[in-house]
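Undergrad: One structure is given below, represented as structure tokens, and several questions about it will come after.
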Amino acid sequence: MNMPRLTKQQRMAALEMAAQARRERGARGEREPLDEWPDGPPEGDEEATKRWNAATRQWHQKHVGPLED
């Protein structure tokens, strides 16, 4: 099933809405769990890696669905 392509104007409007929502969340102090390290946790930091893995699991369950162990 082919999805219709968005026009440049529709893409720009969607990007602006996403940016505005991100700014509003930032103003309210809300953050996604993975915002702390967008490129992953620092190498060698075990505590950061544990928090990263927990945040990744939470994000996946919220946005994609349950994980199987």
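Residue-wise test of (1) within 19 Å of residue 63 (Cβ to Cβ); (2) touching a His at 6+ places or on another chain (Cβ under 8 Å); (3) at pLDDT 80 or above; (4) not charged (D, E, K, R).
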site	(1), (2), (3), (4)
13	no, no, yes, yes
18	yes, no, yes, yes
29	no, no, no, yes
32	yes, no, no, no
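Undergrad: If you check 25, 5, which single one turns out to be of a type outside the set (Val, Ile, Thr), surrounded by 10 or more Cβ atoms within 10 Å (Cβ to Cβ) and either at pLDDT below 85 or not in a helix (DSSP H, G or I) (or both)?
TA: 25
The values are calculated or read from the model by the stated rules, or taken from the named source; none is laboratory data. Note that the coordinates shown come from a computational prediction; the quantities given were computed from them, not determined experimentally. All Cβ positions, glycine included, derive from the backbone under ideal geometry; neighbour counts span all protein chains shown.
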